[in-house]
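K.L.:
Structure in structure tokens, see below.
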Amino acid sequence: MTKIKLLIVDDEIEFASTLAERMELRGIETQIANNGQEALEKVYFSPPDLVILDLKMPDMDGLEVLQGIKALHPSIEVIMLTGHGSTASGIEGMEKGAFDYLMKPVDLNDLLEKLKLAYEKHSKA
Amino acid sequence: MNIIQRVITSILPADPERVTEELFRKKRYKRFRYSLFWAMNLIGLIPMLLTASLGFFQYRDLLQRDELDQLQWNMEGAQKTIEAFVHELQAVVNFVAHEDRYHELLDQQNLQILFDRLHKQYPGFVDLGVIDSKGIQQAYVGPYNLQGKDYSHQEWFSEVFAKKVFISNVVMGFRQTPHFAIKVVKKIPGTNEHWVLRATINAETLYHFIETINTQASDDIFIVNHDGILQTPSLFYGKILTPYPLTAQPPPNGQIRQMIDSFGKLIHQASVPLKNTPWVLVLTNKGYSYGNHWYSFRQKLFFIFAGCSIVGLLITIKLSKILTERIRESDEKRHALLTEAEHTHKLASIGRLAAGVAHEINNPLAIIDQKAGLIQDILEFGGDFDNKDKVTASLLGIHNGVNRCKVITHRLLGFARRMDFCEEQVQINEVLKEVLPFLEKEAMYNHIKFNLNLQENIPVFYSDQGQLQQIFLNIINNALDAIGHDGEITITSQVEGDSVVVGIQDNGPGIPEEILQHIFEPFFTTKETGKGTGLGLSITYGLVKKLGGTIQATSKLGEGAFFEVHFPLSL
């Protein structure tokens, strides 16, 4: 079984790096990006299987990044993290092709569950 | 800590500033009411008073003028009648004393015949005498023995020659009955000497004659001589031949005199000298103020005025009370509206603030959560070491703490966010029945009973089912918490006008008024620290407002709390 390749996009470096480390511990190959631009670059040069995307970032709106990822690689599944508890933007993200959304702060087990489901979908594609 | 606060607030008197403000406001309304009352009274009373006094004086003038006119008219009539009567007597005597009859009348027999004839015609004639130029009574017919009496020293005797005809005052004289005399002077034929025919007439004749005169406009009619002696008896002012206490002479302009009589009453006196006599005719009446007309008019006026005043007074009292009450009510309503608007505004800004805070806290919270998770992961994947159990337990504590924070921030965000309004047909009883199973377990465990009193056939209305559920869940949950153990919650639903009303009554300890004012504010909680977020009811409040409804809480200490939620049936 090949390793799942994951990209975590969050402007909170501490959050992103910690989460990345925990994912590594669970055998997931994880990259991090601290802004939308960096995320798109990483997707372009070494496309991951899955992306965890924070919707609220200083340089670029999460939804734009989502659209960019989907434009580059439609098979990449994106799980969004909504900070402001708004179901509306979560739903909007899903309409734009996101796999699912979770509210911050997120429970790791929930996240792993979602990742698993997303990876299954990605593998089928 | 909350208990202490509650105890302290119940002991302390109400906010003194608020008390004085209340007092001041009460005083202001009272003052307003008084000024309104006086203003209305004056507006009503002044014209009424003016009209009444106008009527009063007008009618008095009219009455007075009418009275004076009548008196004048009456007097003129009486004057003419008496003058005619006196003239007639005078003419008779004048006729009898024909110049050439002097010698004939000196004869007692002839004089007797003449007297008898006169007496037959005019029973008032008392006696008849012929007096020669020297003042000696030469012949006499009458009840007294006056033959040969010398009149030359009497005053009238010198006057009679100048006047030809002379009417005397009424006197007692020798005859001891009031009488007056008519004397006629004639020349003795063939000489330069004069003789006098003297006829004495009983004063009663005059008196009876006056009595027959119509005296409708006067109370008293009598004759006074120029010396002020009554020539006929007066009803009020004395017997015959007593002095008349007032001035009988008419004033120079001939008008009616107004004066105060000897009894202290205001009278009108009309008087006129009678031609060819030494007399003045006097008519008096007591003036309008003693008349029946005036009395009844005054009484009517008084009763009408008093009645109107009392009715007006009562109306103004009532009216000023009603008006003040209305104004006070609208003031209070406005005040309440302002307070509510302020309250809503405050809730909204607190909500925004809360959302901002939650937002900012969420990110560091996520970091804490992840760091703790990482440590836990490392522990799980690494080997044993000293105090590993303690570290694990601490991590669990951190995790739980973060979870609690998460619940709070999520609720805060939920409170502040504008959820999409999901409109569907909703049956309120269905909503309530769906909510209860969530709570039944807890209720059963705490021996709390639900009483449902739901009106059937409540029409469906458009609303958000999920949010309605949230609302009732929150309220009922609060009721459960308030009761604690052993109690009951009564849930009612009914249609009132065009809205659906759901009432939730618990029999818990109730909510003190100071707290009742704040229960819909975010973070306001009476639960122990850590047990409640203080957001439940403020979220509920926000949801109800959003669904176009209203929510009220009423409570009495010791009797539980009552929450009432209204939703419009048509939006």
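The values are calculated or read from the model by the stated rules, or taken from the named source; none is laboratory data. The structure presented is a predicted model; accordingly, all values stated were derived computationally and were not measured. Using ideal geometry, Cβ is built from the backbone for each residue, glycine included, and neighbour counts are taken over all protein chains shown.
K.L.:
Just wondering, is there one or more residues in segment B:334-349 that are at pLDDT 85 or above, assigned to a helix (DSSP H, G or I) and within 37 Å of the chain's Cα centre (by Cα)?
P.N.:
yes
K.L.:
I'd like to verify a number: residues in segment B:170-210 that are outside any helix (DSSP H, G or I) and either under 60 Å from the mean Cα position of the chain (by Cα) or not polar (S, T, N, Q) (or both), how many?
P.N.:
27
K.L.:
If you don't mind, another one. Could you tell me which residue of segment B:211-231 is nearest to B:HIS268 (Cα to Cα), considering only residues that are at pLDDT 85 or above and crowded, with 20+ Cβ neighbours inside 10 Å?
P.N.:
This residue is B:ILE221.
K.L.:
For segment A:10-50, what are the residues that are more than 14 Å from chain B (Cβ to nearest Cβ) and part of a strand (DSSP E or B)?
P.N.:
Within segment A:10-50, A:GLU29, A:GLN31, A:ALA33, A:LEU50 meet the criteria.
K.L.:
If a residue must be at the interface with chain B (Cβ under 10 Å from one of its Cβ atoms), assigned to a helix (DSSP H, G or I) and crowded, with 17+ Cβ neighbours inside 10 Å, how many such residues does segment A:56-88 contain?
P.N.:
Qualifying residue count for the region: 0.
K.L.:
To continue, here is another question. May I ask you to list the residues in segment B:273-286 that are within 21 Å of B:TRP156 (Cβ to Cβ) and surrounded by 13 or more Cβ atoms within 10 Å (Cβ to Cβ)?
P.N.:
Result: B:PRO273, B:LEU274, B:ASN276, B:THR277, B:PRO278, B:TRP279, B:VAL280.
K.L.:
Looking at B:GLU360, B:GLU380 in this structure, which one is over 18 Å from A:LEU81 (Cα atoms) and among the acidic types (Asp, Glu)?
P.N.:
B:GLU380 is the lone residue from the list that is over 18 Å from A:LEU81 (Cα atoms) and among the acidic types (Asp, Glu).
K.L.:
Please determine, by comparing only the residues of segment B:172-184 that are surrounded by 19 or more Cβ atoms within 10 Å (Cβ to Cβ) and of a type outside the set (D, E, K, R), which one is farthest from B:GLN90 (Cα to Cα).
P.N.:
B:PRO178
K.L.:
Only residues that are part of a loop (DSSP other than H, G, I, E, B) and over 49 Å from the mean Cα position of the chain (by Cα): list them for segment B:211-236, please.
P.N.:
Once the filter is applied, which keeps residues that are part of a loop (DSSP other than H, G, I, E, B) and over 49 Å from the mean Cα position of the chain (by Cα), segment B:211-236 yields B:ILE213, B:ASN214, B:HIS226, B:ASP227, B:GLY228, B:GLN231, B:THR232, B:PRO233.
K.L.:
Something else about it: Can you tell me which residue within segment B:546-558, out of those that are under 49 Å from the mean Cα position of the chain (by Cα) and not in a strand (DSSP E or B), is surrounded by the fewest Cβ atoms within 10 Å (Cβ to Cβ)?
P.N.:
Result: B:GLY558.
K.L.:
Separate question: Filter segment B:138-169 down to the residues that are of a type in the set (Gly, Ala, Ser) and not in a loop (DSSP other than H, G, I, E, B) and list them by number.
P.N.:
Scanning segment B:138-169 gives B:ALA139, B:SER158, B:ALA162.
K.L.:
Of everything in segment B:358-395, what is within 14 Å of chain A (Cβ to nearest Cβ) and either in contact with a strand residue (DSSP E or B) (Cβ under 6 Å, 6 or more places away or on another chain) or in a loop (DSSP other than H, G, I, E, B) (or both)? Give them in sequence order.
P.N.:
Scanning segment B:358-395 gives a single hit, B:GLY382.
K.L.:
Quick check on segment B:159-169. Is at least one of its residues without any contact (Cβ under 8 Å) to a residue 60 or more places away in the chain and under 60 Å from the mean Cα position of the chain (by Cα)?
P.N.:
Within segment B:159-169 (the criterion being without any contact (Cβ under 8 Å) to a residue 60 or more places away in the chain and under 60 Å from the mean Cα position of the chain (by Cα)), the answer is no, since none of the residues qualifies.
K.L.:
In addition: Could you please let me know if B:ALA355 is within 9 Å of chain A (Cβ to nearest Cβ) and among the aliphatic types (A, V, I, L, M)?
P.N.:
In short, yes.
K.L.:
Out of segment A:100-122, which residues are free of Cβ contacts under 8 Å to residues at least 40 places away in the same chain and over 27 Å from B:ILE408 (Cβ atoms)?
P.N.:
A:LYS116, A:LEU117, A:GLU120
K.L.:
What's the number of the condition B:TYR122 fails, among (1) surrounded by fewer than 19 Cβ atoms within 10 Å (Cβ to Cβ); (2) in contact with a helix residue (DSSP H, G or I) (Cβ under 6 Å, 6 or more places away or on another chain); (3) in contact (Cβ under 8 Å) with a residue 40 or more places away in the chain?
P.N.:
(2)
K.L.:
Sticking with this one: Say we look at segment B:232-272 and pick out the residues that are in contact with a helix residue (DSSP H, G or I) (Cβ under 9 Å, 6 or more places away or on another chain) and within 18 Å of B:ALA203 (Cα to Cα); which of these is surrounded by the fewest Cβ atoms within 10 Å (Cβ to Cβ)?
P.N.:
In this case the residue turns out to be B:LEU241.
K.L.:
Which one of B:GLN72, B:GLN90 is closer than 21 Å to B:THR284 by Cα and touching a residue at least 60 places away in the same chain (Cβ under 8 Å)?
P.N.:
The match here is B:GLN72.
K.L.:
Residues in segment A:54-67: is at least one of a type in the set (Gly, Ala, Ser) and at pLDDT 90 or above?
P.N.:
No, segment A:54-67 contains no residue that is of a type in the set (Gly, Ala, Ser) and at pLDDT 90 or above.
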